[in-house]
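A short reminder: the numbers here are calculations on the coordinates, not readings from a lab. Keep in mind the model is a prediction, meaning the values are calculated, not measured. Here the Cβ is made from the backbone with ideal geometry for all residues, glycine too, and neighbour counts use every protein chain on show.
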Amino acid sequence: MDIVYEETLYSKPTPAYSKPTKRKPTKKKATRTAKFEVYKDKADEYRFRLKAPNGEIIAVSEGYITKKSCMNGIQSVKKNVLKPKIVEL
């Protein structure tokens, strides 16, 4: 028979054996980032859209004939968006 708890006259019941408490791992704060979605439109062309972390569509591309050219378009946006110029028309 295992001892489930022990009690003395001057103390509250305490477990005789308690499992060691595991420390919860510190969670890294999740960073939400924008994402690119590649899809085929009604004209059977590949397009991509850029979505903000909140799900709103920020940009939509032109139509591409091949998926590879669509992926190249995404790479171009990623490369050129780092230091964009703002031009007022």
Of all trypsin sites (Lys or Arg not before Pro) in region 31-62, the ones in DSSP coil with at most 15 other Cβ atoms within 10 Å are Arg32, Lys42
Normalised per residue, the volume inside the convex hull of the alpha-carbon atoms of region 48-89 in Å³ amounts to 106 Å³
Sequence order, region 54-65: Karplus ³J(HN,Hα) from phi using 6.51 cos²θ - 1.76 cosθ + 1.60, θ = phi - 60°, Hz rounded, Gly and Pro as x, gives 7, x, 6, 7, 8, 8, 10, 8, 6, x, 10, 6
Length gained if Ala34 through Ile57 is fully extended, taking 0.36 nm per residue and subtracting the Cα-Cα distance, is 7.3 nm
Least to most buried among Leu82, Leu89, by other C-beta atoms within 10 Å and fewest first, runs Leu89, Leu82
